[in-house]
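Step one of this worksheet: look at the structure below.
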Amino acid sequence: MQLSTLVLLLAFVALGALYAGRQRARDLARAAGGVRALDSLPVYYGLYAALWALAPSLPLLLAWLALDERLLHALVLAGLPDELVPADAVGRGLLIGQLENAARGAVNAELLHPALAEAAGRLAAWERLARQAMAAVVLGAAALGAGAALVRLSPALRARRAVERALVWSLLGCASVAVLTTLGIVASVLFEALRFFDRVPFTEFVFGLEWSPQTAIRADQVGASGSFGAVPLFVGTLLISAIAMLVAVPVGLLSAVYLAEYAAPRLRAAVKPILEVLAGVPTVVYGFFAALTVAPWLRDLGSSLGLAVSSESALAAGLVMGVMIIPFVSSLADDVITAVPRALRDGSLALGATPSETVARVVFPAALPGIVGGVLLAVSRAVGETMIVVMAAGLAANLTLNPLESVTTVTVQIVTLLVGDQEFDSAKTLAAFALGLMLFLTTLVLNVVALTVVRRYRERYE
Amino acid sequence: MNSPSPVAQRVRATLAKRYRRERRFRFLGLAAVVFGVLSLGVLFADIFAKGIGAFRQAYVRLDVHYDPEVLGLTDPRDPQALAFADFEGVLRRALAERFPEVSTRRERRALRQLVSPVASYLLAERLAAEPALLGRRETLWLPADDDVDTYLKLKDGAGDFAGRLSEGARRWVEALAASGDLRLRFNREFFTRADSREPEMAGIWGAVKGSFYTLLVTLAIAFPLGVAAALYLEEFAPRNRVTDLIEVNINNLAAVPSVIFGLLGLAIFINFLEVPRSTPLVGGMVLALMTLPTVIIASRVAIQAVPPSIREAALAVGASPVQVALHHVCPWPCRASSRAPSSAWRERSARRRPC
């Protein structure tokens, strides 16, 4: 039986339980003298029965799906003579793939070793049996649950409370997906990174000045070892982020101050959405803009001034990234500036300070924690920004602070290491996860600090 | 008549300077705003100017003779025979007829390169669609090679622009253009084809379909999950450690770089759960996890905007908290957005930031 058929049947069983439960509740009500004699509305009794149909069967189905393939493979391998089973996991995986294909009829079984052909036949039979058993067990559990619930229905049963409690728990489950995602990120990045540090020492990764992740296929090739010193990447990332912040922080803060303190309401209403559009432009478009317009323009400008500007200069990527980040800085700064109480401003103005003096000496210091938080969030965005640098920054890891040269960043290297087909046992691929770990930790610290600062600031003025 | 106090004198002496500084600050603020708006304008103008060329494509008009002898084909309904038929020869002959003066082999090869390398497949498709054309002549607009296309699009303005065309090829192109046999036409195929190595054959339809399915998966996962999570956090969550943990996680995830989510998808979905790679399913699932914090934050803002009186009224007539949430709180933002949303609501949802 197909999985989709099974799921559909399960849904039918649940629906049936819903109707049966509602009907039975109505019958009970009629016997007891009207709906008012019931604890809950009849539909809650139906939902109660449907939940009891799904509660045992859905987890069962998921567990079965997660386990049955592995179990079957282990059984089949155990049934083979020892000399046919490879010792390593990769070889076993290949053998299983071969058997699966033979069982499905995609490989001619006569070409295989007779023992293997027999195993393939066994595998096919077991798979068929397992699918039928799964359908029977899951549907049986659903019917059993629904039946038990229907038998238990009585006017005094607090069906609504039970249903509502189940619903709130499932809502909590949805909310915890965020926690699970964080755990998933940590697990996926950490374990692969640890495997990487088995091959390349941690100190070499963090302090090494040479980055050339090309590992050779044969041991005797030139540069066969590859070198994984990530300092050039960190420096490149910081350089591009610093250029971006040099653009975004002054422009973002000044425009936020202007819009909050000087601009007429109509101008503010017109300009704010326009600036927010900058944040909504997909980063690939910025990447195009940086790679095809800004970088050649800077190169031509440089050559007319007698400067050698790389066509993948850090300056081009940083400038465009800065433009992308302007709205983040400006809208966060706008929020905190408008949150500064009116009384502080009025007091300063009443003493004869000009509006700019008020901003510089009163509003800005009062809003400083919030602004710092916003800037930190923007830094975290700049460090993690990927598409712009993939398109506009270079691939070669130069250890330089010259913004006119080409540098590479952590995110660019993650992308280039992982694009295409990869094997998961080479240091080259695993290096991407080590870089991901560093990136995640950096942005995590920045985010947590920034969010705490912003939250504390907001509480101060509320 | 008393003279101004010393303080007033000092104030008056520095007043002009302070006003100047005030004007300068104001000007700087305005300049920052103008810079932001201008960047947006330049970005849009640049992308538009660079992208507009893709909507037009150079086509060559050729008189094609589906000669059975050149093709080596007797029955165009036989796909096997059609696949081996010499459409390249038909194409070369049509070009030779158009330029009878071309004689050497090298020149003929250069001449062939005026038309897209895949033009012969287009001829095959044409004959497969209309087998009756075998042995007859037909005038066709065939896509020109991308070098010709680039030359045609860029030659105006820049005097003796040659692109990647040789001297002879340019002469032929000019001759074709002069007789009206080479023209830039609206590139309709751009919207119906998938990506290709040949620029003149490339289209966006494949990418559009991929994006559509991926976003469908994302929406199907992220929207219900996000609204449910927001509902829990706003309506049911007790103030305790677990809730705090969830909130910190959501706010942090909203600022985690997207590459990290890619690594998560690679390690968990593809390597561990063995979801087939490069499918809309796995991309959509990763994107759903990535957009989930944003959906949750926006939904929470929308739920916060529901007036407390709605909740209180529902509770007062005996609804349970779950009923209040599902029957009264949840539908409110939907209805509010279909009416004209209040400006406060619009302002709050437009901010889209962790809170």
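The values are calculated or read from the model by the stated rules, or taken from the named source; none is laboratory data. Source: prediction; values computed, not measured. No Cβ is skipped: glycine too gets one built from the backbone with ideal geometry, and neighbour counts run over all protein chains shown.
Residue-wise test of (1) at the interface with chain A (Cβ under 9 Å from one of its Cβ atoms); (2) surrounded by fewer than 21 Cβ atoms within 10 Å (Cβ to Cβ).
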position: B:Ala267; (1), (2): yes, no
position: B:Asn271; (1), (2): yes, yes
position: B:Ser278; (1), (2): no, yes
position: B:Leu281; (1), (2): no, yes
position: B:Pro293; (1), (2): yes, no
position: B:Ala305; (1), (2): no, yes
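Please go through the range A:78-97 and give me each residue that is buried (at least 17 other Cβ atoms within 10 Å of the Cβ) and of a type outside the set (Val, Ile, Thr), ordered by number.
If the condition is that a residue be buried (at least 17 other Cβ atoms within 10 Å of the Cβ) and of a type outside the set (Val, Ile, Thr), then A:Leu80, A:Leu95 are the ones that fit.
Here are the criteria: (1) surrounded by fewer than 20 Cβ atoms within 10 Å (Cβ to Cβ); (2) in contact with a helix residue (DSSP H, G or I) (Cβ under 6 Å, 6 or more places away or on another chain); (3) more than 20 Å from A:Glu164 (Cβ to Cβ). Tell me which single one A:Val35 does not satisfy.
Looking at each condition in turn, A:Val35 falls short on (3).
Only residues in the range B:221-249 that are crowded, with 18+ Cβ neighbours inside 10 Å count as the first member; pair them with residues that are at pLDDT below 90 and not in a helix (DSSP H, G or I), Cβ under 8 angstrom, at least 6 apart or cross-chain, and list the lot.
What qualifies is B:Val227/B:Cys330; B:Leu231/B:Cys330; B:Ile246/B:Ala237.
Only one residue in B:Ala124, B:Ala96, B:Ala132 is closer than 26 Å to B:Phe186 by Cβ and not in a loop (DSSP other than H, G, I, E, B). Which one?
Of B:Ala124, B:Ala96, B:Ala132, the one residue that is closer than 26 Å to B:Phe186 by Cβ and not in a loop (DSSP other than H, G, I, E, B) is B:Ala124.
Within the range B:233-263, can you find the residues that are farther than 13 Å from A:Ala178 by Cα and over 23 Å from the mean Cα position of the chain (by Cα)?
B:Glu234, B:Glu235, B:Phe236, B:Ala237, B:Pro238, B:Arg239, B:Asn240, B:Arg241, B:Leu263 - these are the residues of the range B:233-263 that are farther than 13 Å from A:Ala178 by Cα and over 23 Å from the mean Cα position of the chain (by Cα).
When you scan the range A:259-271, do you find a residue that is within 22 Å of A:Leu377 (Cα to Cα), within 11 Å of chain B (Cβ to nearest Cβ) and either of a type in the set (Val, Ile, Thr) or part of a helix (DSSP H, G or I) (or both), even just one?
Checking the range A:259-271: at least one residue is within 22 Å of A:Leu377 (Cα to Cα), within 11 Å of chain B (Cβ to nearest Cβ) and either of a type in the set (Val, Ile, Thr) or part of a helix (DSSP H, G or I) (or both).
Is it true that some residue in the range A:383-403 is hydrophobic (A, V, I, L, M, F, W, C), at pLDDT 90 or above, buried (at least 20 other Cβ atoms within 10 Å of the Cβ) and farther than 26 Å from A:Leu209 by Cβ?
No, the range A:383-403 has no match at all.
Could you say whether any residue in the range A:251-274 is farther than 20 Å from A:Gly374 by Cα, within 29 Å of the chain's Cα centre (by Cα) and buried (at least 21 other Cβ atoms within 10 Å of the Cβ)?
No, there is no match, as no residue in the range A:251-274 is farther than 20 Å from A:Gly374 by Cα, within 29 Å of the chain's Cα centre (by Cα) and buried (at least 21 other Cβ atoms within 10 Å of the Cβ).
Among the residues of the range A:336-348, which ones are under 21 Å from A:Leu253 (Cα atoms) and not polar (S, T, N, Q)? Talk me through it step by step, then tell me what you get.
Narrowing the range A:336-348 to residues under 21 Å from A:Leu253 (Cα atoms): A:336-342, A:344-345, A:348.
Residues satisfying the conditions are A:Val336, A:Ile337, A:Ala339, A:Val340, A:Pro341, A:Arg342, A:Leu344, A:Arg345.
Identify all residues within the range B:253-265 that are within 7 Å of chain A (Cβ to nearest Cβ) and surrounded by 20 or more Cβ atoms within 10 Å (Cβ to Cβ); write none if there are none.
Selection gives B:Leu253, B:Ala255, B:Val256, B:Pro257, B:Val259, B:Ile260, B:Leu263, B:Leu264.
I'm checking my understanding of the structure. Among residues of the range A:351-363 that are without any contact (Cβ under 8 Å) to a residue 12 or more places away in the chain and either in a helix (DSSP H, G or I) or at negative phi (or both), which one is farthest from the chain's Cα centre (by Cα)? Reasoning before the result, please.
Step one: of the range A:351-363, the residues without any contact (Cβ under 8 Å) to a residue 12 or more places away in the chain are A:351-354, A:356-357, A:360.
When the remaining residues are screened for being either in a helix (DSSP H, G or I) or at negative phi (or both), the result is A:351, A:353-354, A:356-357, A:360.
On the way: A:Leu351: 52, A:Ala353: 49, A:Thr354: 48, A:Ser356: 43, A:Glu357: 44, A:Ala360: 40 Å.
Step by step, filter the range A:351-363, then rank; the result is A:Leu351.
Test A:Glu69 against the criterion of being closer than 20 Å to A:Leu6 by Cβ, assigned to a helix (DSSP H, G or I) and touching a helix residue (DSSP H, G or I) at 6+ places or on another chain (Cβ under 8 Å), and give yes or no.
Working: closer than 20 Å to A:Leu6 by Cβ: yes; assigned to a helix (DSSP H, G or I): yes; touching a helix residue (DSSP H, G or I) at 6+ places or on another chain (Cβ under 8 Å): no.
When the stated conditions are applied, A:Glu69 does not pass them.
What residue, of B:Leu30, B:Leu38, B:Leu91, is in a helix (DSSP H, G or I), under 30 Å from B:Thr150 (Cα atoms) and not assigned by TED's automatic domain parsing to the domain that holds B:Thr192?
B:Leu38
Of the residues A:Ile388, A:Ile371, only one is within 30 Å of A:Tyr262 (Cβ to Cβ) and in a helix (DSSP H, G or I); which? Give the steps one after another, and end with the answer.
Values: A:Ile388 fails: within 30 Å of A:Tyr262 (Cβ to Cβ).
Residue meeting the stated conditions: A:Ile371.
Go through the range A:162-211 residue by residue and tally those that are within 11 Å of chain B (Cβ to nearest Cβ), touching a residue at least 12 places away in the same chain (Cβ under 8 Å) and closer than 30 Å to A:Asp39 by Cα.
2
Could you tell me whether A:Leu376 is without any contact (Cβ under 8 Å) to a residue 12 or more places away in the chain and within 11 Å of another protein chain (Cβ to nearest Cβ)? Quick ask: steps written out before the conclusion?
Values: without any contact (Cβ under 8 Å) to a residue 12 or more places away in the chain: no; within 11 Å of another protein chain (Cβ to nearest Cβ): yes.
In short, no.
Of the residues that make up the range A:249-257, is at least one part of a helix (DSSP H, G or I), more than 11 Å from every other protein chain (Cβ to nearest Cβ) and in contact with a helix residue (DSSP H, G or I) (Cβ under 6 Å, 6 or more places away or on another chain)?
No, every residue in the range A:249-257 fails to be part of a helix (DSSP H, G or I), more than 11 Å from every other protein chain (Cβ to nearest Cβ) and in contact with a helix residue (DSSP H, G or I) (Cβ under 6 Å, 6 or more places away or on another chain).
Between B:Arg77, B:Arg61, B:Arg106, which is of a type in the set (Lys, Arg) and in a helix (DSSP H, G or I)?
Of B:Arg77, B:Arg61, B:Arg106, the one residue that is of a type in the set (Lys, Arg) and in a helix (DSSP H, G or I) is B:Arg106.
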